[in-house]
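Only one structure is covered here, and it is reproduced in the block below.
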Amino acid sequence: MTEHHKPERLLVTGGAGFIGCNFIHYWLDQHPHDHVVALDALTYAGNLASLEDARSRDNFHLVHGDICDTELVERLLRDHRIDTLVHFAAESHVDRSIHGPDAFIETNIVGTHSLLKAAKQVWLDDPGTATADHRFHHVSTDEVYGSLEPGDPAFAETTPYAPNSPYSASKAASDHLVRAYHHTYGLNVVTSNCSNNYGPYQFPEKLIPLVIINILHGKPLPIYGDGMNIRDWLYVDDHARGIELCIQQGQVGETYNIGGNEERTNIDIVRTLCTLLDARFQADASLAARFPDAPPANGQASDSLITYVKDRPGHDRRYAIDATKTEQTLGYQPVETFERGMEKTLDWYLANEPWWQAILSGEYTQWLEKHYA
Ligand code: NAD
Ligand code: TYD
């Protein structure tokens, strides 16, 4: 059955994180009268500053809380008469999952199950609130499909799951739970599996912001292994656009791949950023004054900072998304080219230094501890 769903009242988990906040900006821009509630535990990766504009609106509410708190989620679904839950909240960094998998099991698996239980209770079980007009959109990753060799066909929705890191294994488990709640209980779920995102508001532990900020500070650019691992990069707004289509037109119980068709080696990404930043410094003399330790401030090339380091254990070699189903059934097409997306991202980090300086200096964490002790 083809479902057309018209969301008006959304609960967005993980709305203070990278993709969640970009999704909220996108959604409020496209649907300025919708009611949007963000639920976020404000872990190290959550940032209220990323939602500053949204927070001044009457139709946006931020709730500081944990997705594992099923009662809280039930209350939010009821009190705000939510018709659409968009689930981003997760522990998302592969390197952290290698050093401490427990938080990934708790948030990504137990937390997703908590949301499913709350959604089932409010949307299916309670006679006072049960409604067929509901949608649970689960945001997942291409990493659940495992690793490709050069020349292998890209991941399709039918590719068997083969997760290799504690992060991807926890996301795979959550995908299976979401599927089971549709097949067993009839919850209206849709799952999207997306490739690597980049863009504004990304926490500086991830490759692209890390490289930009390290160049500005004249710090080494750590390349894991031989730098030839491949990721399929997508500008974050194109992910938001894909999720919007899945929510409005996706068939319940189905999964949709979202990707950018922009496979790049890690070393290629790093060299592209080096070249772009060198050009920015050449065009704008004020950058050398702001960032005196950056190589181009001293007549050197940024790529002099490239440093090969020990590889990540179990490092997946290649990810690539085949988004044919999403393109053909939902009319999905990414809008941003890789070149323009990278320029926009770089310019955002140059124009928003206070956002990332607060993270680097720990100021934000201290502020958070004071306000949410
Ligand atoms: P992120 O780490 O930047 O943000 C995660 C957000 O979730 C943070 O705001 C954090 O405070 C919040 N959170 C964590 N635990 C929580 C809990 N228990 N309760 C409530 N909130 C909690 O992550 P991201 O990069 O924005 O990723 C968002 C989603 O998209 C994740 O589910 C991730 O698996 C998926 N995804 C990410 C990418 C990518 O390239 N970043 C690609 C595909 C899919
Ligand atoms: P990352 O941004 O952590 O995303 P993911 O592991 O989920 O794909 O890393 C992207 C790629 O960049 C990945 O192959 C690991 C590599 N990488 C480095 O080489 N150096 C770094 O410092 C980081 C953070 C990542």
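The values are calculated or read from the model by the stated rules, or taken from the named source; none is laboratory data. The shown structure was predicted, so the numbers you read here are calculated from the model rather than taken from an experiment. All Cβ positions, glycine included, derive from the backbone under ideal geometry; neighbour counts span all protein chains shown.
Annotations
To keep it simple, each residue is scored yes or no on (1) hydroxyl-bearing (Ser, Thr, Tyr); (2) out of contact with any Asp or Glu (no Cβ under 9 Å at 6 or more places or on another chain); (3) modelled with pLDDT under 95.
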residue	(1), (2), (3)
Val110	no, yes, no
Ala130	no, yes, no
Val144	no, no, no
Ser147	yes, no, no
Asn164	no, no, no
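- Of the criteria (1) buried (at least 19 other Cβ atoms within 10 Å of the Cβ); (2) more than 12 Å from ligand 2 (Cβ to nearest atom), which one Val211 fails: (2)
- From the list Ser140, Ser165, the one residue that fits, being within 13 Å of ligand 2 (Cβ to nearest atom), touching a Lys or Arg at 6+ places or on another chain (Cβ under 9 Å) and over 16 Å from Tyr256 (Cβ atoms), is Ser165.
- Considering Leu72, Leu48, Leu39, the condition of being within 12 Å of ligand 1 (Cβ to nearest atom) and surrounded by 22 or more Cβ atoms within 10 Å (Cβ to Cβ) is satisfied by Leu39 alone.
- Residues that are of a type in the set (Gly, Ala, Ser) and within 21 Å of the chain's Cα centre (by Cα) were ranked within the range 334-372; the one that is modelled with the lowest pLDDT is Ala358.
- Test result for Pro200, of a type outside the set (Gly, Ala, Ser), at pLDDT below 95 and more than 14 Å from ligand 2 (Cβ to nearest atom): no
- Gly227, sole failed condition from (1) more than 12 Å from ligand 2 (Cβ to nearest atom); (2) at positive phi: (1)
- Tabulated pairs, the range 139-164, first of a type in the set (Phe, Trp, Tyr), second outside any helix (DSSP H, G or I), C-beta under 7 angstrom, 6+ apart or interchain: Tyr145/Phe155; Tyr145/Thr159; Tyr145/Tyr161; Tyr145/Ala162; Phe155/Asn257; Phe155/Ala320; Phe155/Ile321; Phe155/Asp322
- Residues considered: Tyr349, Tyr308, Tyr332. Of these, the only one that is of a type outside the set (D, E, K, R) and within 24 Å of Asp226 (Cβ to Cβ) is Tyr308.
- Ile267 being aliphatic (A, V, I, L, M) and farther than 21 Å from Trp348 by Cα: yes
- Candidate set from the range 89-115 (those that are near ligand 1 (Cβ under 9 Å from one of its atoms) and not in a helix (DSSP H, G or I)); member that is nearest to Pro313 (Cα to Cα): His93
- Residue match in the range 38-53 (condition: out of contact with any Ser or Thr (no Cβ under 8 Å at 6 or more places or on another chain) and more than 23 Å from Ala358 (Cβ to Cβ)): no
- Helices (runs of 4 or more DSSP H) fully within the range 2-88 counting 3 or more residues that are of a type in the set (Asp, Glu) and out of contact with any Pro (no Cβ under 8 Å at 6 or more places or on another chain): 70-79
- Residue-level check: of (1) basic (Lys, Arg); (2) under 30 Å from Trp348 (Cα atoms); (3) more than 11 Å from ligand 1 (Cβ to nearest atom), Lys206 misses just (3).
- Restricting attention to the range 312-332, the residues that are assigned to a loop (DSSP other than H, G, I, E, B), surrounded by 13 or more Cβ atoms within 10 Å (Cβ to Cβ) and not aromatic (Phe, Trp, Tyr) total 7.
- Pairs linking a residue in the range 53-72 that is modelled with pLDDT under 95 to a residue that is assigned to a loop (DSSP other than H, G, I, E, B), with Cβ atoms under 6 Å and 6 or more positions apart or on different chains, do not occur.
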